[in-house]
Amino acid sequence: MTIKKLHYISGLTITIFVGLHLCNHFISVFGAQDHIIMMNTLRLFYRNLFVETILLLAVVLQIISGLKLFKTNRKLVLSKFDKLQIWTGLYLAIFFIIHLSAVLSGRLFLKLDTNFYFGVAGLNSFPFNLFLIPYYGLAILSFFGHIASIHNKKMEQSIFGLSPQKQSIIILLFGFLMTIVILYGLTNHFHGVTIPKEYEVLIGK
């Protein structure tokens with residue numbers, strides 16, 4: 001199996017999980033409890049040894065294959081969408097390393113439930129939010145940017161009179177709107193939510 005094929009298959013696996021994860025974060029606009037209820041429901045599917053092992057393997061394969069493809073392709077003469085695919089892929093690789101390390105550390109060492117409060121504690125605390133807001137925002141944008149660039153490459157026909165390029169632009173615009181809504185949901189409810197004492201360790205309290 002080629003590196004590209006391996007990267008594509010692991011990417012599809014991760015996309016399913018990330019899509020569900022972003023839908024979960026979208027629910028945050030309705031409040032912390034709705035977010036946690038949906039997360040607990042989704043965990044029935046992915047919070048088990050079998051699925052988590054597959055996801056971790058997919059992420060590791062995605063990072064390793066992605067970095068190799070980045071090294072190979074970054075110097076080629078490419079279209080704008082090809083360049084978007086390369087650079088969003090690099091950011092996602094870095095994000096996965098940092099994010100997974102943080103979540104696993106929270107679960108294994110701090111013994112925290114990595115739920116709504118795990119994310120919003122830093123997002124709503126200065127100066128941590130100066131890093132975390134663009135960090136999460138760029139991750140969501142990179143996810144949709146990566147999908148848009150792949151869609152532009154794979155799609156060969158128009159839909160409703162829209163060319164593959166225009167379809168990809170719509171995906172990018174949808175990703176931009178999702179980024180705004182999700183960040184709004186994860187920050188807007190903070191003042192109406194009491195952060196449990198155990199999560200204050202995340203912001204140095």
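Every number in this text was worked out from the coordinates using simple rules, so none of it is lab data. Only a predicted model underlies this, so the values are computations on that prediction, with no experimental measurement involved. Cβ sites come from the backbone with ideal geometry, for glycine too, and all protein chains shown count toward neighbours.
Taking chymotrypsin sites (Phe, Trp or Tyr not before Pro) across the range 98-205, the ones in a DSSP loop with at most 16 further Cβ atoms lying within 10 angstrom of their Cβ are PHE109, PHE160. Taking the C-alpha atoms only, the angle from helix 49-73 to the longest principal axis of the chain is near 50 degrees.
If you average the sequence gap of Cα pairs under 8 Å that are 6 or more apart and divide by the length of the chain, what percent do you get for the contact order?
28 percent
Along the Cα-to-C-beta direction of PHE30, a point sits 7 Å from the Cα; which residues of the range 115-145 have their amide N less than 18 Å from that point? Taking a point 7 Å out along Cα→Cβ of PHE30, the residues of the range 115-145 whose backbone N falls under 18 Å are 116-117. Per q in 0.10 Å⁻¹, report the Debye log10 I(q)/I(0) for the range 3-196, using one uniform scatterer on each alpha carbon and no solvent. For the range 3-196, the Cα-only Debye profile gives -0.45.
Taking every lysine pair in the chain that is 8 or more places apart or spans two chains, those with Cα atoms closer than 18 Å amount to 25. Restricting the trypsin sites (Lys or Arg not before Pro) of the range 1-70 to loop positions (DSSP other than H, G, I, E, B) with no more than 12 neighbouring Cβ atoms within 10 Å leaves ARG47.
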